[in-house]
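Student: To start, I am sharing the structure in question, which I have written as structure tokens.
The values are calculated or read from the model by the stated rules, or taken from the named source; none is laboratory data. Predicted model only: the values in this text are computed from it and were never measured. We place every Cβ from the backbone using ideal geometry, glycine too, and count neighbours over all the protein chains shown.
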Amino acid sequence: MTSFRFHAGRLHISDNSGQWMAKIKVEGEELEIKLCGKNAQASILEAEQLYADLQALSTPRPYCWQCIHWSPVKSECSLGFPEGKSSGGRFASQCSCLWIKD
């Protein structure tokens with residue numbers, strides 16, 4: 001049985017007889033999710049995306065780098081918004097991709 005732990009134990013990925021599973025702890029709740037990946041690399045990528053999505057959904061006001069349009073390699077928004085890690089995500093509440101204007 002292969003097992004990986006990420007994000008201080010909040011994401012646990014394991015292989016149980018060919019079926020990859022992810023245990024994700026978010027806001028005191030633990031979810032167990034079947035992954036579609038057939039190998040370790042695909043399963044880790046899928047689990048990381050699920051973890052990021054759950055973190056963003058559980059946070060009332062997510063930071064820009066939690067958005068699916070955030071590119072961690074370039075440290076910029078792939079949609080071209082003037083948001084950067086140095087600003088601390090203060091423009092995330094104004095991002096039209098994250099929030100619907102009232």
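Student: I'd like the full set of residues that are over 17 Å from T59 (Cβ atoms) and either buried (at least 16 other Cβ atoms within 10 Å of the Cβ) or not assigned by TED's automatic domain parsing to the domain that holds E48 (or both), limited to region 22-32. Talk me through it step by step, then tell me what you get.
Tutor: Taking region 22-32 and keeping what is over 17 Å from T59 (Cβ atoms), we get 22-23, 30, 32.
Residues satisfying the conditions are A22, K23.
Student: Do we have any residue at all in region 1-10 that's surrounded by 10 or more Cβ atoms within 10 Å (Cβ to Cβ), in contact with a Ser or Thr (Cβ under 9 Å, 6 or more places away or on another chain), modelled with pLDDT of 85 or more and outside any strand (DSSP E or B)?
Tutor: Yes, because at least one residue in region 1-10 is surrounded by 10 or more Cβ atoms within 10 Å (Cβ to Cβ), in contact with a Ser or Thr (Cβ under 9 Å, 6 or more places away or on another chain), modelled with pLDDT of 85 or more and outside any strand (DSSP E or B).
Student: Please enumerate the residues belonging to region 33-49 that are surrounded by 12 or more Cβ atoms within 10 Å (Cβ to Cβ) and either of a type in the set (K, R) or not in a helix (DSSP H, G or I) (or both).
Tutor: Across region 33-49, the qualifying residues are I33, L35, G37.
Student: Looking at region 11-31, which of the residues that are more than 15 Å from Q55 (Cα to Cα) and part of a strand (DSSP E or B) is farthest from the chain's Cα centre (by Cα)?
Tutor: Per the stated criteria, the residue is N16.
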